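The values are calculated or read from the model by the stated rules, or taken from the named source; none is laboratory data. Worth saying up front: this structure is predicted, and the values here are computed from it rather than measured. Counting neighbours? That spans all protein chains shown, and the Cβs are built from the backbone with ideal geometry, glycine included. Only protein heavy atoms, including side chains, enter the accessible area calculation; ligands, DNA and RNA are left aside. Shrake-Rupley method; radii C 1.70, N 1.55, O 1.52, S 1.80 Å.
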Amino acid sequence: MALALGGALSQRSAWRQDPGQHWLDVSGEQWQRMGPDARLAYVQGFLAGAAVSQAAPGARDTAGVRTALEQLRRSGRLRFPFGANVYASRLSDFYWWKNHLPLPTWSAFLEVNTTIGRPISDSQP
């Protein structure tokens, strides 16, 4: 009985494990610990989220979002228009500087985007 109770309690605590750091707080320290595949996946997720958030406000449904995404891509108006490998490489360069390590990745994305000629502005659709 005690063994079964102990097993149940350990399973229960496993379900409540800390989910980890909030994505808004991921910084250069975490970026440097990621492997190349994890970095690429992280960047792809960021780019997908940024594109959907840019396309979604005027859309009424998923078909509208898809249409808006295609229009943004074809017209070159995506806020983050370059491929994931470009951003991953530039983020690694950005975090090479020790004083950049505490900065969150979302801030690094904005900085990198500005240095490659695509500053974020509220006037962009």
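General observations
- Filter pass, Leu78 being at pLDDT below 95 and not acidic (Asp, Glu): yes
- Tally of residues being open to solvent by 40 Å² or more (accessible area, probe 1.4 Å) and either at pLDDT below 95 or touching a helix residue (DSSP H, G or I) at 6+ places or on another chain (Cβ under 7 Å) (or both) across region 86-101: 2
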